[in-house]
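Values in this text are rule-based calculations from the coordinates and carry no lab data. Treat the numbers as computed from the prediction; the structure is a model and nothing was measured. Note: ideal-geometry Cβ built from the backbone for every residue, glycine included; neighbour counts use all protein chains shown.
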Amino acid sequence: MISILVGHWSELIEGMKYTIASSLLALVGSLILGVIFAMFVISPNKSLNVIGKIYVEIFRNIPLLVIAMFFYIVMPRIFPGLDGFKAGTIGLTIYTSAFIAETVRAGIESVPVGQMEAARSNGMAYLQAMRYIVLPQAIKIVVPSLGNQFVNLVKNSSVLAFLAGFDLMYQGNLIASTTFKTTDTYLAVGLLYLVMTMPLSYFMRYLEKRWSKTPTV
Amino acid sequence: MQNFIDAYSWINLRFLLEGMWVTIYVSAISVVLSFIIGAVLGLIRYMKIKYLSAVIGLIIDIIRNLPLLLIIFFMYFGLPSTFGIRLNTVTAAIVALTVFESAMLAEIIRGGIQSISGGQMEAARSNGLTYLQAMWYIILPQAFRNMVPPIVSQFVSLVKDSSLATIILLPELMYHSQIIYGQNTNYMIPMFVAMAFLYFVVCFLLSQLSKALARRLN
């Protein structure tokens with residue numbers, strides 16, 4: 001394992017760069033999409049509501065691999081510039097956005113309705129009440145699970161290996177197939193994944209514990 | 001349109017359904033095995049036995065923070081080269097999914113046990129039950145009710161995640177549809193639609209079941 005880490009350090013670091021880049025891009029994209037669709041799901045507007053629910057249910061219930069492969073195999077016929085990295089990142093973004101929409105919705109719904117009503121009766125518009133009263137309270141519930149979604153993103157970005165996306169898993173497979181030291185390579189790759197995911201998931205557990213002690217309302 | 005009609009011939013549809021059957025049974029066997037292993041691990045982690053609980057906790061955290069794909073590769077390619085254990089695709093897929101899912105379920109089960117208030121245990125103990133008796137007859141039955149919805153959700157994840165085992169050529173839904181559109185690229189879009197639809201139906205029904213159970217238990 002040490003010999004793989006030392007001998008193939010540059011490839012592994014290159015793979016980690018792609019993994020982190022893909023996860024960060026997908027995080028930003030899925031946060032934006034996720035918040036928009038969460039707003040749709042809770043909005044009083046019937047048609048937005050239906051669109052939001054359909055989006056969330058469809059993409060939560062289809063495997064990430066199917067979504068990513070769709071962007072890798074089918075979409076390049078229409079958009080020829082779509083390589084494995086881009087297709088995988090788009091797939092990750094869409095898949096994760098459905099989960100983030102659910103998280104954000106649950107966070108917002110955990111804020112008592114009275115808060116919204118009180119804000120509205122004090123003369124705030126719906127969006128103002130959302131922005132200044134409800135969302136700041138919801139954030140404490142949402143942030144730890146968003147952190148866990150990011151950990152999932154780093155892990156799930158390994159589907160890029162299916163699409164020649166140059167991520168850590170892809171590099172690991174290349175090394176394994178050239179050196180034939182499969183166990184050592186996968187252990188080294190696993191170690192590098194843990195370096196990325198473990199600190200974050202322990203930090204989120206800490207945040208969850210700390211914030212659950214202080215009363216929100 | 002003609003592509004869709006041709007692609008959905010009876011032979012192709014039957015082939016997809018055969019793949020779906022493999023998807024479901026591999027996931028079902030894995031969830032049952034993971035539940036048993038996860039229950040033991042979760043209980044040990046909950047009971048705070050010196051050293052043992054800490055070690056098991058660390059192993060659970062490590063597995064939970066690794067990509068499932070890596071575990072699949074390890075079981076299929078790593079084991080034979082180092083330990084001389086060669087698993088066939090179905091076994092390798094089941095073992096990998098079970099290892100990954102046991103860690104997930106161990107945490108759910110530990111959370112479920114922790115959610116039962118301490119008063120229950122104290123009342124049972126003061127009525128003369130031993131610790132293990134109190135656990136088995138009083139705590140676990142109540143905890144189990146809380147755990148059923150998240151376990152069903154984990155089953156949904158398993159059905160989706162089992163698609164990753166295409167890479168070791170597990171003959172499941174994703175792999176079978178790849179074979180069909182590999183023979184005729186005109187069938188690509190129809191196959192993606194069919195595959196997405198089949199996964200969606202299974203996962204959507206299961207997640208509705210999980211929601212309904214959660215509502216009933218509350």
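Some values worked out for this structure:
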| quantity | calculated |
| --- | --- |
| Descending semi-axes in whole angstrom, ellipsoid equivalent of region A:1-72, from the Cα gyration tensor | 38, 14, 8 |
| Approximate shape of region A:2-213 as ellipsoid semi-axes (Cα gyration tensor, √5λ), whole Å, largest first | 38, 22, 11 |
| Residue-wise HN-Hα coupling along region A:51-60, computed from phi with Karplus coefficients 6.51, -1.76, 1.60 (Hz; x: Gly, Pro) | 4, x, 5, 4, 4, 4, 5, 5, 7, 6 |
| Calculated from backbone phi, Karplus (6.51, -1.76, 1.60) coupling profile of region A:64-71 in Hz, x at Gly/Pro | 3, 4, 5, 5, 5, 5, 4, 6 |
| Alpha-carbon Rg with Dmax, taken over the protein assembly as shown, Å | 23.0, 74 |
| Region A:153-167 - phi-based ³J(HN,Hα) in whole Hz, Karplus 6.51/-1.76/1.60, Gly and Pro as x | 4, 4, 5, 5, 5, 5, 5, 4, 4, 5, 10, 6, x, 6, 7 |
| Length-normalised contact order of chain B in % [C-alpha pairs under 8 Å, at least 6 apart] | 30 percent |
| Dimensionless Rg ratio for region A:112-217, taking C-alpha atoms and the 2.2 N^0.38 Å reference | 1.66 |
| Shielding by partners, peptide A:184-197 (average Cβ within 10 angstrom, other chains) | 4 |
| Cleavage-rule hits (chymotrypsin sites (Phe, Trp or Tyr not before Pro)) in region A:1-46: DSSP loop, at most 12 neighbouring Cβ within 10 angstrom | none |
| Inter-centroid distance (Cα atoms) of region B:41-70 relative to region B:197-217, Å | 28 Å |
| Pairwise centroid distance, computed over Cα atoms, of region B:103-165 with region A:68-90, Å | 42 Å |
| Exposed-loop-free span, longest in chain B, where trypsin sites (Lys or Arg not before Pro) count as exposed if DSSP calls them loop and at most 12 other C-beta atoms lie within 10 Å | B:87-218 |
| Restricting region A:109-217 to chymotrypsin sites (Phe, Trp or Tyr not before Pro) in coil, as DSSP defines it, with at most 13 other Cβ within 10 Å | A:PHE180 |
| Cross-link partners of B:LYS50 among aspartates and glutamates (Cα-Cα below 18 Å; sequence separation of 8 or more within a chain) | B:ASP61 |
| Partner lysines for A:LYS209 [C-alpha distance under 19 Å; skip if fewer than 8 residues away on the same chain] | A:LYS140, B:LYS48 |
| Pairwise Cα inverse-distance average, inverted: Kirkwood Rh of region B:24-83 (Å) | 13.3 Å |
| Top positive-direction residue, dipole computed over region A:2-213 with Cβ charges, set A:LEU187, A:PRO76, A:GLY91 | A:GLY91 |
| Three-way shape label, region B:78-218, alpha-carbon gyration tensor, a/c 1.5 | oblate |
| Out-of-range pairs (alpha-carbon distance over 24 Å; input B:LYS160/B:LYS211; A:LYS181/B:LYS160; A:LYS86/A:LYS155; A:LYS17/A:LYS155) | A:LYS181/B:LYS160 |
| Qualifying chymotrypsin sites (Phe, Trp or Tyr not before Pro) in region B:4-102, DSSP loop, other Cβ atoms within 10 Å at most 11 | B:TYR51 |
| Of B:GLY19, B:MET121, B:SER153, farthest towards positive along the dipole that unit charges on Lys, Arg, Asp, Glu beta carbons give chain B | B:MET121 |
